[in-house]
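Enquirer: Sending over a structure as structure tokens; questions will come in a sec.
No lab work stands behind these numbers, since they all come straight from the coordinates. This is a predicted model, so every value here is computed, not measured. Cβ sites come from the backbone with ideal geometry, for glycine too, and all protein chains shown count toward neighbours.
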Amino acid sequence: MAGKAKKTAAALIKIYTKHNKHFILTQKEFEGISGKKKMRTKFLSTVDGLLRKKGYILIDLHKEIEIIGIVPIESITKWGLPKTQNEVPQEDQEREDDKVFNA
């Protein structure tokens with residue numbers, strides 16, 4: 001399985017570098033690239049892990065809408081991430097909690 005996962009990750013990176021932007025594949029297209037007939041979680045996790053080492057992330061929506069995507073991690077960091085729990089002052093956190101519980 002590791003061999004197929006490496007080949008799949010390499011093929012996805014090659015497609016990305018050719019297009020130089022994120023892309024989405026249908027489940028059938030991904031199956032054609034991977035040579036797998038079934039989308040197993042373990043295989044997808046292995047491919048995702050290999051992609052992450054190269055600076056990409058696999059977006060797995062094959063169960064929901066039968067697509068697989070690839071995005072550079074660098075792009076995600078530019079999306080304007082929300083504040084983490086440690087960055088929110090305690091007073092603001094209490095107000096946020098009140099909104100959730102009073103809704």
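Enquirer: If you take every residue apart from Lys6 with its C-beta less than 13 Å away from the C-beta of Lys6, what net charge results, scoring Lys and Arg +1 and Asp and Glu -1?
Expert: +4
Enquirer: Are there chymotrypsin sites (Phe, Trp or Tyr not before Pro) in the stretch 1-83 that DSSP puts in a loop and that have at most 15 other Cβ atoms within 10 Å, and which ones?
Expert: For chymotrypsin sites (Phe, Trp or Tyr not before Pro) across the stretch 1-83 that sit outside H, G, I, E and B with at most 15 neighbouring Cβ atoms in 10 Å, the list reads Trp79.
Enquirer: How big is D, in µm² s⁻¹, for the stretch 2-76 by Stokes-Einstein at 4 °C and 1.567 mPa s if Rh is the Kirkwood radius over C-alpha pairs?
Expert: Translational diffusion coefficient: 107 µm²/s.
Enquirer: Note down the nm distance, to one decimal, between modelled labels 7 Å out along Cα→Cβ at Ile15 and at Arg40.
Expert: 2.1 nm
Enquirer: For Glu29 and Ile65, calculate 0.36 nm times their separation in residues minus their Cα-Cα distance, and state this gained length in nm to one decimal.
Expert: 11.6 nm
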